[in-house]
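I have placed the structure first, in the form of structure tokens, so that the comments after it can refer back to it.
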Amino acid sequence: MKIKTFFQLARISNLPTVWTNVFTGVVLANGQWQDLRLIYLLAAMSLFYVAGMFLNDAFDHKFDAQMRQDRPIPRGEVTVVQVSIYGISMMIFGLILLFYISYFPESSPYLIFSGLLLVSCVIFYDAYHKSNPISPLIMGSCRMLVYITAALTVTSIPSTTVYAGAGILLCYLIGLTYAAKSENLKQLEYAWPLALLLVPILYGAYLAINQLVVLIPLIIFIFWIALAIKKIMRRNPGDIPSAIIGLIAGVSLLDAIILAGHHEIWLMTVSILAFLLTLKLQRWVSGT
């Protein structure tokens, strides 16, 4: 398989948002991001993400043959079987890494269960997202479980702060995925789920009360969300796909808000840079 084909199947441009999710999950659990196990965790979550993208193309190959003929499988660059083998193999390697991490001190005995649940959600979404009305919830659960799995790496029992942050991320991903489901339509039939994209703004405003530095990523996030919603509601050709890839990059801005609220200024800066890096990479490899 050519490197370019691999990158396209993996939607490699969105990987920085996965990495900032990992940092945020660890910080929410009051863990040390300098911990050695974080390297293995980043590798495991990256493998799960890339595997999910591969399997998404494998499950969607018939749809792509008609609607998205620019994808690698319809172009004949790789077969469905090859993509499936790659995807399943990466899932297995990711689980092996989590199994290894579970032997570190302070790691939760529920870490493997969380990883298995994450993998199950990814596969379920890939297999049934086209016709499933709750697919936005499933996709949101995938990202939410990245937070929780990261937290379980450094603590036996996650605090309510972890679940609060995971809930905020879940709301954002539900709104994002709802819009993405309409990427090939001319308009959104019902726009109310897009309001969930605004939930992180309320949370950020709450965090800013005691940590003014939160205003830096929060203001950027507000501007970015407003721009995306404008594109979605304007409905000009290409607006929805453009909004979707922008919202995906915005995941790192959400992470930056949470990290700033927990006094991790350096990681906040890294997350903002990850947002910019994702946008840059999306010009090279499509994020959808």
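In table form, for the structure just shown:
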{"read-out": "Cross-link partners of Lys4 among lysines (Cα-Cα below 20 Å; sequence separation of 8 or more within a chain)", "value": "Lys280"}
{"read-out": "Separation in nanometres of the label points that stand 7 Å from Cα toward Cβ, at Tyr100 and Ile39", "value": "1.0 nm"}
{"read-out": "HN-Hα J in Hz across the stretch 242-252 - Karplus 6.51, -1.76, 1.60, θ = phi - 60°, x for Gly and Pro", "value": "5, 5, 5, 5, x, 5, 4, 4, x, 4, 5"}
{"read-out": "Relative contact order (%) - criterion: Cα under 8 Å, at least six apart; region: the chain", "value": "23 percent"}
{"read-out": "For the chain, size of Cβ-based charge dipole, Lys and Arg +1, Asp and Glu -1, in debye", "value": "760 debye"}
{"read-out": "The chain, helix-only ellipticity at 222 nm - DSSP H runs n ≥ 4, -39,500 (n - 2.57), divided by all residues, nearest 500", "value": "-24000 deg cm²/dmol"}
{"read-out": "Karplus 3J(HN,Hα) series, Hz, for the stretch 57-68 with 6.51 cos²θ - 1.76 cosθ + 1.60 (x for Gly, Pro)", "value": "5, 5, 5, 9, 4, 6, 5, 5, 4, 9, 9, 9"}
{"read-out": "Mean Cβ count within 10 Å, highest first, over the residues of peptides 11-22, 249-260, 131-142", "value": "249-260, 11-22, 131-142"}
{"read-out": "Dimensionless Rg/Rh of the chain - Kirkwood Rh, Rg from C-alpha atoms", "value": "0.95"}
{"read-out": "3J(HN,Hα) from dihedral phi, the stretch 203-216, Karplus parametrisation 6.51/-1.76/1.60, rounded to Hz, x for glycine, proline", "value": "5, x, 4, 5, 5, 5, 4, 9, 9, 4, 5, 4, 4, 5"}
{"read-out": "Qualifying lysines (Cα of each under 19 Å from Cα of Lys130; at least 8 residues distant if same chain)", "value": "Lys62, Lys181, Lys186"}
{"read-out": "Modelled label reach - Met1, point 7 Å along Cα→Cβ, the stretch 119-139 residues with backbone N closer than 17 Å", "value": "123, 126-127"}
{"read-out": "Highest to lowest packing among 70-77, 239-246, scored as the average C-beta count within 10 Å", "value": "239-246, 70-77"}
{"read-out": "For peptides 100-107, 144-151, sequence by mean Cβ density within 10 Å, most packed first", "value": "144-151, 100-107"}
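A short reminder: the numbers here are calculations on the coordinates, not readings from a lab. What you are looking at is a predicted structure, and each value in this text was computed from that prediction instead of being measured. Positions of Cβ are backbone-derived with ideal geometry, glycine not excepted, and every protein chain shown enters the neighbour counts.
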